[in-house]
1. Provide the gained length on full extension for the span residue 7 to residue 57, in nm with one decimal, where the gain is 0.36 nm per separating residue minus the Cα-Cα distance.
2. Provide the gained length on full extension for the span residue 123 to residue 105, in nm with one decimal, where the gain is 0.36 nm per separating residue minus the Cα-Cα distance.
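None of the figures in this text is laboratory data; all of them are computed from the coordinates on show. Keep in mind it's a predicted model, so treat the numbers as computed, not measured.
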């Protein structure tokens, strides 16, 4: 009796899938991530939220979340890694609708973003000054 082709191919794909997952998870452990307590399969670390140090990796359900629970540690992170937090998320929708994310909202932080910010600040402050001058001129004309 001859075996059908899928009885050999399906277990082979399952084996390759598990082998691939074993190697990719071992590479993920080499990243520079904070310590993490052991997690439960479905709820992750939800039951341990208040009982660990100031910087840790928790798994809330299936999502990994880095938790900073100290103001000093948060201040230190924001000082040393400030450029990471300044950049915006890349969005293909914003790239398509806004001509390659050239507006101030979606453009990455850098020289271009600083020039746009200076231009907008100048424009808005000039508009306020213009409106104040118009109000003063109207008051002069009324007197």
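1. Contour length minus Cα-Cα distance gives 13.9 nm.
2. 4.8 nm
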